[in-house]
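Only one structure is covered here, and it is reproduced in the block below.
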């Protein structure tokens, strides 16, 4: 296998021809080699996403979605011989072009075409010279509000030009690569963001590809359409980039070991506020309410106390509904600082009990798993599954769909275990999953409730979420409905986990800070900890919980891409929780 990190692909003709003649697979690393049929595979980052993250940053910083403007913007991208600039620039313009069209963005220089704003060899001095000319020609009497720079070397040229030739308001500037040379500007606020492409992730993926090819296997590929090198489409693996700002650079770059503070020219004593306090300097008692199972709960709390030895954590464990009701009852004089766990749909229904907090790792979490105003943050996606004991039911009779529950033979195998949706957040999610799978919002999920009518007499409602899986293991029930994280703990050959093939939900557990909590600093510290890289890795490795962070690969779990996920109506579940629970209770007793 030949891996090539190309700078000048045109000079590789002989090497590529020899590789093709000898049937040696060629992997292009980071930069696609153009106009060659010898390139077998391509490994890079999602370069379109790099551009969209840059465009979205400008959109957010200028308030373009809110109709603000007009703002002056200029553009600069990289070497015209680098195929990646097409994706960087076009991805960004997919966000920004509409604002140019409607006049919210204005380019005084008129230089908006990719060929015009390209920079040979991505050279900083060329970028500086071009922007010095732009500033003197078009900005003598106006402010420059934003610069879309495709990478850090061109951004650095822009910043140098601004420092020497500009006296107006400092603009929003994007970049890419988190180069050491520009990190001082980013930390100082001169460059608003840089897209971080962790080369460790890309290198590990290339090693995985090489290993597969050496074993005669197909390498991992996740894109077979995007990258055409002029001869044909090259099968590719695209890693995910992350937006880096002054708010999260420490976690992305320092805490992960990518750079040291010294490499960035930062003295330990001058570290930002988040790092200014030593772990032992945090003191006090933190009260955590949690519906989590005792093992991962106790492990997470113990790890937090080990990391912050002078902080004591008091835990109140109960079902999600009971805990949010308790928080509500205590709202005049809060006792809890943090609610750790509980389905996000339940937390959303009670968001008035919480206060917003935007964690430093927010760019590593899918926005669909986070409250739009940060009242709660997802901390682990939770697919709903069936669990069965083959000592009590033959495998061929285990339901594989929700629909099959209606035909379950309770006379032969007993009732299906489920927790109480009125007190268990996970069971409430399971109930909503059935409603949304079989019904439609237009009639308040009438067909979903009809399905519930068909199965409710087949259900044995447990007074604890854990009994919906523990009683299956104990042989009290043959089949139960539970969370993946609970089911996969049972590794015995008689225990079977089923992902319903007609669709299931994966609503995340959330973490939230209680409104007016007595220990806000410790609450924020705890949220950062449970969302942190080490805790996410440990909770996955030790307790089978799915990580929420995009930089933590799930171990020992079925990929979400192989699970049939249904369309979970998050807003409906949150806004109608009381009515849904009342309807369930009426059907159960009626």
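Each value in this text was obtained by applying a stated rule to the coordinates, not by laboratory testing. Treat the numbers as computed from the prediction; the structure is a model and nothing was measured. Cβ atoms come from the backbone with ideal geometry, glycine included; neighbour counts cover every protein chain shown.
A few points about this structure:
- Mean sequence separation of contacting Cα pairs (under 8 Å, at least six apart), scaled by the length of region 47-196, corresponds to a relative contact order of 27 percent.
- Measuring spread by the Cα atoms of region 431-590 yields a radius of gyration and Dmax of 18.2, 49 Å.
- Gyration tensor over the Cα atoms of region 414-516: the corresponding equivalent ellipsoid has semi-axes (square roots of 5 times the eigenvalues, largest first) of 23, 20, 14 Å.
- Antiparallel bridges, percent of DSSP beta bridges restricted to region 354-486 (to nearest 5): 55 percent
- For region 306-359 versus region 92-161, the spacing of their alpha-carbon centroids is 47 Å.
- Residue exposure proxy: 568, 41, ordered by other Cβ atoms within 10 angstrom of their Cβ from fewest to most, comes out as 568, 41.
- At an R0 of 25 angstrom, the distance between the Cβ atoms of residue 188 and residue 123 translates into a FRET efficiency of 0.60.
- Distance between the modelled labels on residue 491 and residue 200, one decimal in nanometres: 2.6 nm (7 Å Cα→Cβ projection).
- Residue-averaged [θ]222 nm for the chain, counting only DSSP H segments that reach four residues, each worth -39500 (n - 2.57): -11000 deg cm²/dmol
- When DSSP beta bridges are restricted to pairs lying wholly in the chain, around 45% turn out antiparallel.
- Annotation: peptides 13-23, 298-308, ranked by per-residue average of other Cβ atoms within 10 Å with the highest first, follow the order 298-308, 13-23.
- The protection proxy used here, the mean number of other Cβ atoms lying within 10 Å of each residue, ranks peptides 334-342, 81-89 as follows, highest first: 334-342, 81-89.
- Correct choice for log10 I(q)/I(0) by the Debye sum over Cα atoms at q = 0.06, 0.07 Å⁻¹ that was computed from the model, options [x] -0.39, -0.53; [y] -0.33, -0.45; [z] -0.43, -0.57: [x]
- Sorting the Cα pairs of region 300-371 by distance into bins of 10 Å, from 0 upward, gives 15, 41, 38, 5 percent per bin.
- Rounded to 5, percent antiparallel among DSSP beta bridges of region 47-196: 0 percent
- Protection proxy ranking of 215-222, 392-399 - average other beta-carbon atoms within 10 Å, highest first: 392-399, 215-222
- Cα Rg, Dmax, region 47-196, angstrom units: 13.7, 37
- Sequence-separation-based contact order of the chain, relative, with Cα cut under 8 Å and 6+ spacing, percent: 12 percent
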